[in-house]
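Engineer: Okay, handing you the structure first.
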């Protein structure tokens, strides 16, 4: 609801070039002294809404807050368009389990934006894309050949978007899905589904064995780069000087043997990349500084027309004078950013382990 | 139907075990969202409402020159009811709730102290189980107090209903305090809000049909309920103030 000018960071060209120079340093010097892969503290809680199948709330250190509620309804499945011989015979139940993307409906609500504004629509599309990318999620919603679960994820951003809200919403959705429970099925095969009334007997959507989860929902992280430094959990000021910003969605490969992974699995996860999207960094909207040679106040000569002014400015690359980044990123840099997210013992694993530790009510 | 069970006729207990003049469990916290100027979280039974207030801030082309403008936005979450239902912001019912809140606070807040400015009240309904307008009013009051916006007094609200349907003529109809959603669907009820827990009624909304003779009883019970809620909310504000003072020592 705040006027849109507060969403842009009010920094002068001198401050922008100062932050850019300190982030380009090796190792990068961040304004709050964190390391490149260090996240700010956040508070997370699960199962806060007893009227939903699953819910979560996460508050970031800068005060932004999100709540996600998951509700499930039983829906009749449409008859498949082409019924093959195998399906008619009624083969192995596991092999037939296939989900459809339309069984999941995701909606994002941001205060101050209408439902059909580009930001909520785009965020919803990015998050559902990550969720449905590997096809594993919709399989869990299959009940029998005639019925399935329809899952509704309602994502509410409670505070006005100060910084790009995608990682906050993604982490909250991840946590809500981890806490989602569905009633236990009592009926068998293809008869009308009948469920156990006892909520204590309900089954987690992402079941867990004694050690850890067997499969987890995806997580989307915002990764930025300044020169060759890759930086995670960027604050507003850091995003204002970014050269490249990527939204990377990471999922986990489902474990093949569910029984004997207890001893040697340890913390090794099999992460895989689901989606990568480039995000236009807010640094492109900043205004550039004026070098001394083009400024009459400091003894230079200013250009007479605006075309000359912009062409002179473009040609000049002076250290210490801020210029918004133009052009794209090098392929090697993009590859380095993606592999940094996915590496063993890296950021994605740390985030997933952290979320796993949140106590499920 | 909520009162058709034997427990009401025998022991005068409602479905959730309350008597006619008992409020549901009301809990509230203020300063729940540090990034906003004022915020609160209120639960009346299972009705859960979160409110954030920003203001007074610079208004853009505000309607009135000599006082602050108040803008209310209500967002009902899709998961708030028993069935998932997505309600768009242009819904007529929501628009009416917004306008009721706007008019109420325009008269109780000292808006003449902030000409040319804007006060935004943002409400999120996380769970609905009756007394929606009352919960919205109470949560807004707390958030406005947290934001430090001067006001004449607390606006506290609650619902009151009657055990009779509008056509029956029985004299034994009792008024009921603080209805949940099952009771609201079957029985006539009204929402009343008072200024400062006294007898001044600030808001009175009745959308169901009821015999005129019953209204006075319902109103009296409602106003009494508002007084009780004012004590609860005042306790929350004082508790929070104490914590702030202690942390500064």
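Engineer: Filter the range B:83-116 for residues that are exposed (fewer than 12 other Cβ atoms within 10 Å of the Cβ) and facing chain A (nearest Cβ under 8 Å); which is nearest to residue B:155 (Cα to Cα)?
Structural biologist: Taking the candidates together, the pick is B:88.
This table checks each residue for (1) buried (at least 17 other Cβ atoms within 10 Å of the Cβ); (2) without any contact (Cβ under 8 Å) to a residue 40 or more places away in the chain; (3) under 27 Å from residue B:98 (Cβ atoms).
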site: B:184; (1), (2), (3): yes, no, yes
site: B:192; (1), (2), (3): yes, yes, yes
site: B:204; (1), (2), (3): no, yes, yes
site: B:234; (1), (2), (3): no, no, yes
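Engineer: Look through the range B:52-82, keep the residues that are modelled with pLDDT under 85 and surrounded by fewer than 11 Cβ atoms within 10 Å (Cβ to Cβ), and return whichever of them is farthest from the other protein chains (Cβ to nearest Cβ).
Structural biologist: So in the range B:52-82, the residues modelled with pLDDT under 85 come out as B:55, B:59-65.
So of that shortlist, the ones also surrounded by fewer than 11 Cβ atoms within 10 Å (Cβ to Cβ) come out as B:60-61, B:63, B:65.
Details: B:60: 7, B:61: 12, B:63: 17, B:65: 19 Å.
Filtering the range B:52-82 for residues that are modelled with pLDDT under 85 and surrounded by fewer than 11 Cβ atoms within 10 Å (Cβ to Cβ), the one farthest from the other protein chains (Cβ to nearest Cβ) comes out as B:65.
Let's see how each residue does on (1) crowded, with 19+ Cβ neighbours inside 10 Å; (2) more than 14 Å from chain B (Cβ to nearest Cβ); (3) under 19 Å from residue A:203 (Cα atoms):
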{"residue": "A:108", "(1), (2), (3)": "yes, no, no"}
{"residue": "A:112", "(1), (2), (3)": "no, no, no"}
{"residue": "A:115", "(1), (2), (3)": "no, no, no"}
{"residue": "A:119", "(1), (2), (3)": "no, yes, no"}
{"residue": "A:132", "(1), (2), (3)": "yes, yes, no"}
{"residue": "A:135", "(1), (2), (3)": "no, yes, no"}
{"residue": "A:138", "(1), (2), (3)": "yes, yes, yes"}
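Engineer: Whether any residue in the range B:62-70 is farther than 30 Å from residue A:53 by Cα and part of a strand (DSSP E or B) is what I want to check.
Structural biologist: Taking the range B:62-70 as the starting set, the residues that turn out to be farther than 30 Å from residue A:53 by Cα are B:62-70.
Cutting the leftovers down to part of a strand (DSSP E or B) gives us B:69-70.
Within the range B:62-70 (the criterion being farther than 30 Å from residue A:53 by Cα and part of a strand (DSSP E or B)), the answer is yes, since at least one residue qualifies.
Engineer: How many of the residues in the range B:206-227 are touching a residue at least 60 places away in the same chain (Cβ under 8 Å) and more than 13 Å from residue B:196 (Cβ to Cβ)?
Structural biologist: Here the count works out to 4.
Engineer: Which of the strands (runs of 3 or more DSSP E) found entirely inside the range A:28-76 contain at least 1 residues meeting this: surrounded by fewer than 18 Cβ atoms within 10 Å (Cβ to Cβ) and more than 8 Å from every other protein chain (Cβ to nearest Cβ)? Don't jump to the end; show me each part of the working.
Structural biologist: Working: elements: A:43-46, A:54-59, A:65-76.
Ranges flagged: A:43-46, A:65-76.
Engineer: Tell me which of these residue A:194 doesn't satisfy, since it passes every other one: (1) free of Cβ contacts under 8 Å to residues at least 12 places away in the same chain; (2) under 24 Å from the mean Cα position of the chain (by Cα).
Structural biologist: That leaves (2) as the condition not met.
Engineer: Report, by residue number, each residue of the range A:126-136 that is part of a helix (DSSP H, G or I) and either at pLDDT 90 or above or touching a strand residue (DSSP E or B) at 6+ places or on another chain (Cβ under 7 Å) (or both).
Structural biologist: Across the range A:126-136, the qualifying residues are A:126, A:127, A:128, A:129, A:130, A:131, A:132.
Engineer: Could I ask something else about it? Take residue B:133 and decide whether it is away from chain A (no Cβ under 14 Å) and either over 30 Å from residue B:82 (Cβ atoms) or part of a helix (DSSP H, G or I) (or both). First the steps, then the outcome.
Structural biologist: Details: away from chain A (no Cβ under 14 Å): yes; either over 30 Å from residue B:82 (Cβ atoms) or part of a helix (DSSP H, G or I) (or both): yes.
Yes, satisfied.
Engineer: If you don't mind, another one. Exactly one of (1) assigned to a strand (DSSP E or B); (2) within 14 Å of chain A (Cβ to nearest Cβ); (3) over 18 Å from residue A:67 (Cβ atoms) is unmet by residue B:156. Its number?
Structural biologist: The single condition residue B:156 does not satisfy is (2).
Engineer: Here's another thing I want to ask about it. Restricting to the range B:8-35, name every residue that is in contact with a strand residue (DSSP E or B) (Cβ under 8 Å, 6 or more places away or on another chain) and over 16 Å from residue B:160 (Cα atoms).
Structural biologist: Pass one, the range B:8-35, residues in contact with a strand residue (DSSP E or B) (Cβ under 8 Å, 6 or more places away or on another chain): B:14, B:20-33, B:35.
Passing the criteria: B:27, B:28, B:29, B:30, B:31, B:32, B:33, B:35.
Engineer: So how many residues does the range A:294-311 have that are surrounded by 12 or more Cβ atoms within 10 Å (Cβ to Cβ) and in contact with a helix residue (DSSP H, G or I) (Cβ under 9 Å, 6 or more places away or on another chain)?
Structural biologist: Residues in the range A:294-311 being surrounded by 12 or more Cβ atoms within 10 Å (Cβ to Cβ) and in contact with a helix residue (DSSP H, G or I) (Cβ under 9 Å, 6 or more places away or on another chain): 5 in total.
Engineer: Of all residues in the range A:1-17, how many are at pLDDT 75 or above and either within 14 Å of chain B (Cβ to nearest Cβ) or outside any helix (DSSP H, G or I) (or both)? Break it down stepwise before answering.
Structural biologist: Within the range A:1-17, the first condition is being at pLDDT 75 or above, and the residues that meet it are A:10-17.
This time we only want the ones that are either within 14 Å of chain B (Cβ to nearest Cβ) or outside any helix (DSSP H, G or I) (or both), so: A:10-12.
Residues meeting the conditions: 3.
Engineer: Within the range A:338-353, how many residues turn out to be more than 14 Å from residue A:272 (Cα to Cα) and either touching a helix residue (DSSP H, G or I) at 6+ places or on another chain (Cβ under 9 Å) or crowded, with 17+ Cβ neighbours inside 10 Å (or both)?
Structural biologist: 1
Engineer: Would you pick out the residues in the range A:261-284 that are at pLDDT 80 or above and out of contact with any helix residue (DSSP H, G or I) (no Cβ under 9 Å at 6 or more places or on another chain)?
Structural biologist: Keep residues of the range A:261-284 that are at pLDDT 80 or above, which gives A:270-284.
Listed by number, the residues that qualify are A:270, A:280, A:284.
The values are calculated or read from the model by the stated rules, or taken from the named source; none is laboratory data. Note that the coordinates shown come from a computational prediction; the quantities given were computed from them, not determined experimentally. We place every Cβ from the backbone using ideal geometry, glycine too, and count neighbours over all the protein chains shown.
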